[in-house]
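Colleague: Have a look at this one.
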Amino acid sequence: MSPKIIVYIDMDHTLSDYDAGFRHHQSLHPDLEFPQSMPGMFLDLEPVPGAIEAYLWLNSHPRLDVYILTAPSEMNPHSYSEKRLWVEKHLGMEVVRKLIISPNKGLNRGDFLIDDYICGRGQENFEGKILQFGSDEFPDWQAVIGFFKRLLE
Ligand SMILES: [Mg+2]
């Protein structure tokens, strides 16, 4: 049996709707320069439409080995624990065990990285293929799932 295909999935703007959460916290704390630093910012983010269903589909495929690979918000210590709690809340403890919080995504070995950024947190050194979430080719999770269905069929 061939080894499993390793897939990494980013969190902010890919699994979780960072922009909506930022606007919400900005409205709650209009005087703060960094409203994203408030407790609850990362935990309260809503999932991007289709993200949970897509994650579960990818995660249940026998040929795929799926991980969450997210960079921390280093100035916000809550981001580390809240990212972990967000994964438990929306995807469960099994997926918590596949959560990787890393400032350098280029250190991870694998085949695919689904991420809205293609550089800045080591993405530029990732040896596999980056599926840029939100790009013309992968505007949403339906497009990502379509890609993997074609790849795996
Ligand atoms: Mg992101």
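Colleague: Please list, in chain and number order, the residues 5+ apart from ASP17 or on another chain whose amide H is under 5 Å from its amide H, with Hs placed from the backbone.
Modeller: Long-range HN contacts for ASP17: GLU46, VAL48.
Colleague: Calculate how steeply helix 51-60 sits against the longest principal axis of the alpha-carbon atoms of the chain, using the helix alpha-carbon long axis, and give the answer as 0 to 90 degrees to the nearest 10.
Modeller: Between helix and principal axis, roughly 40 degrees.
Colleague: Another question about this same structure. For the chain, what is the number of Lys pairs with C-alpha distance below 17 angstrom, counting only pairs 8 or more positions apart or on separate chains?
Modeller: The number of close lysine pairs in the chain is 8.
Colleague: Sticking with this one: Would you mind checking the tilt of helix 18-28 against the longest principal axis of the Cα atoms of the chain, expressed as 0 to 90 degrees and rounded to 10?
Modeller: 10
Colleague: Just to check, using Stokes-Einstein with a Kirkwood Rh over alpha carbon pairs, what's the diffusion coefficient of the range 1-62 at 37 °C and 0.692 mPa s in µm²/s?
Modeller: 244
Colleague: What's the exposure ranking of MET38, MET93, MET11, going from fewest to most Cβ atoms within 10 Å?
Modeller: MET93, MET38, MET11
Colleague: Right, another one. Over the range 23-153, what is the relative contact order in whole percent, taking alpha-carbon pairs under 8 Å and six or more residues apart?
Modeller: Relative contact order comes out at 19 percent.
Colleague: Test of understanding: ordering SER60, SER73 by Cβ neighbours within 10 Å, fewest first, what list do you get?
Modeller: Least crowded to most crowded, the residues run SER60, SER73.
Colleague: All other residues with a Cβ under 13 Å from the Cβ of ARG97 taken together, and with Lys, Arg as +1 and Asp, Glu as -1, what is their net charge?
Modeller: After counting each charged neighbour, the total is -1.
Colleague: Another question, then. Considering all alpha-carbon pairs of the chain, what whole percent are spaced by more than 19 angstrom?
Modeller: For the chain, the fraction of Cα-Cα distances above 19 Å is 53 percent.
Colleague: Tally Lys/Arg at +1 and Asp/Glu at -1 over every other residue whose Cβ is under 11 Å from the Cβ of GLY106; what's the total?
Modeller: +1
Colleague: Using the crude model of +1 on Lys and Arg Cβ and -1 on Asp and Glu Cβ, and no other charge, please compute the dipole size for the range 40-96 relative to its Cα centre, in debye to 20.
Modeller: It works out to roughly 120 debye.
Colleague: Same structure again: Place a point 7 Å from the Cα of HIS90 along the Cα-to-Cβ direction; which residues of the range 1-19 have their backbone N under 13 Å from it?
Modeller: Only 9-19 pass the distance filter.
None of the figures in this text is laboratory data; all of them are computed from the coordinates on show. If you're wondering where the values come from, they're calculated on a predicted model, not measured in any experiment. No Cβ is skipped: glycine too gets one built from the backbone with ideal geometry, and neighbour counts run over all protein chains shown.
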